[in-house]
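Each remark here refers to the structure printed beneath this line.
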Amino acid sequence: MGMKPDAKLLDNGIVVPAKEIVEASGLTEAYFIKRIRYANDKPLALESQYYPIEIGESLAQYDIEKGTLYDLLEQSLNLKFAEAEQMITSTYLSKEEADLLGVPCSLSVLHIERLLSDINGNLIEYYSAYFRSDMYSFRIKLSKNSS
């Protein structure tokens, strides 16, 4: 979108995920990374990422505050992405989340949940993020295979 990206690490470490995350991911323990993403120095998104502990601890050896996590996973950890299932919904933030993004609680935001798997079908990441709807848009190209 032509904006300068940045990030700020809020939290990371081994956690027991909430029940809904365990149900979605199968991770009963996970390595957790929480960051605020910025565009042109304005808060854009609040991201929470959950990894199998071995992957998360390996990832944490790198710059997880400013680094692009997917580049680190692929290039530094040599993980091969194969499939992601993503759901996008609309929701509202808690007061704490709204304060972190600098928006009112009344602003509807985009909630993105994604499961990322490797070529063997193993979970690499469970991702949950809240994106400011006033600063974010999606462009999706659809095509039909003619064979």
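Across the stretch 24-40, coupling constants 3J(HN,Hα) worked out from phi with the 6.51/-1.76/1.60 Karplus curve, θ = phi - 60°, read 6, 10, x, 7, 7, 9, 8, 8, 10, 10, 10, 9, 9, 9, 10, 9, 6 Hz, and Gly and Pro carry x. Structure note, pairs 42/144; 19/42; 34/144; 34/80: Cα-Cα distances above 26 angstrom occur for 42/144; 19/42; 34/144.
Computed with a 1.4 Å probe over protein heavy atoms only, the accessible surface of the chain comes to 61 Å² per residue. Solvent-accessible area of the chain (1.4 angstrom probe, protein heavy atoms only): carbon and sulfur portion equals 47 percent. A simple rule links phi to the HN-Hα coupling: the Karplus curve 6.51 cos²θ - 1.76 cosθ + 1.60 with θ = phi - 60°, which for the stretch 9-20 gives 6, 9, 6, 6, x, 7, 9, 9, x, 4, 3, 5 Hz, with x for Gly and Pro.
The alpha-carbon positions of the stretch 65-142 define a convex hull whose volume is 129 Å³ per residue.
Listed values for the stretch 113-130 are Karplus-derived 3J(HN,Hα) couplings in whole Hz (6.51 cos²θ - 1.76 cosθ + 1.60, θ = phi - 60°), namely 10, 9, 10, 10, 10, 8, 5, 9, x, 7, 5, 9, 8, 10, 10, 9, 9, 10, and x replaces Gly and Pro. Modelled spin labels at residue 94 and residue 62, positioned 7 Å past Cα toward Cβ, are 3.0 nm from each other. Mean separation of Cα pairs under 8 Å and 6 or more residues apart, divided by the residue count, gives the stretch 1-74 a relative contact order of 31 percent. Each listed q (0.25 Å⁻¹) maps to a log10 I(q)/I(0) for the stretch 17-68, found by the Debye formula over equal Cα scatterers with no solvent: -0.97.
Of the three principal axes defined by the Cα atoms of the stretch 1-115, the extents in descending order read 39, 33, 25 Å. In this label model, residue 81 and residue 106 are separated by 3.7 nm, measuring between points 7 Å along each Cα→Cβ vector.
The values are calculated or read from the model by the stated rules, or taken from the named source; none is laboratory data. Note that the structure is a prediction, hence the values are computed from the model and not measured. Heads up, the Cβs are rebuilt from the backbone with ideal geometry, glycines too, and the neighbour counts pull from every protein chain shown. Protein only, heavy atoms only, side chains kept; ligands, DNA and RNA dropped before computing areas. Shrake-Rupley method; radii C 1.70, N 1.55, O 1.52, S 1.80 Å.
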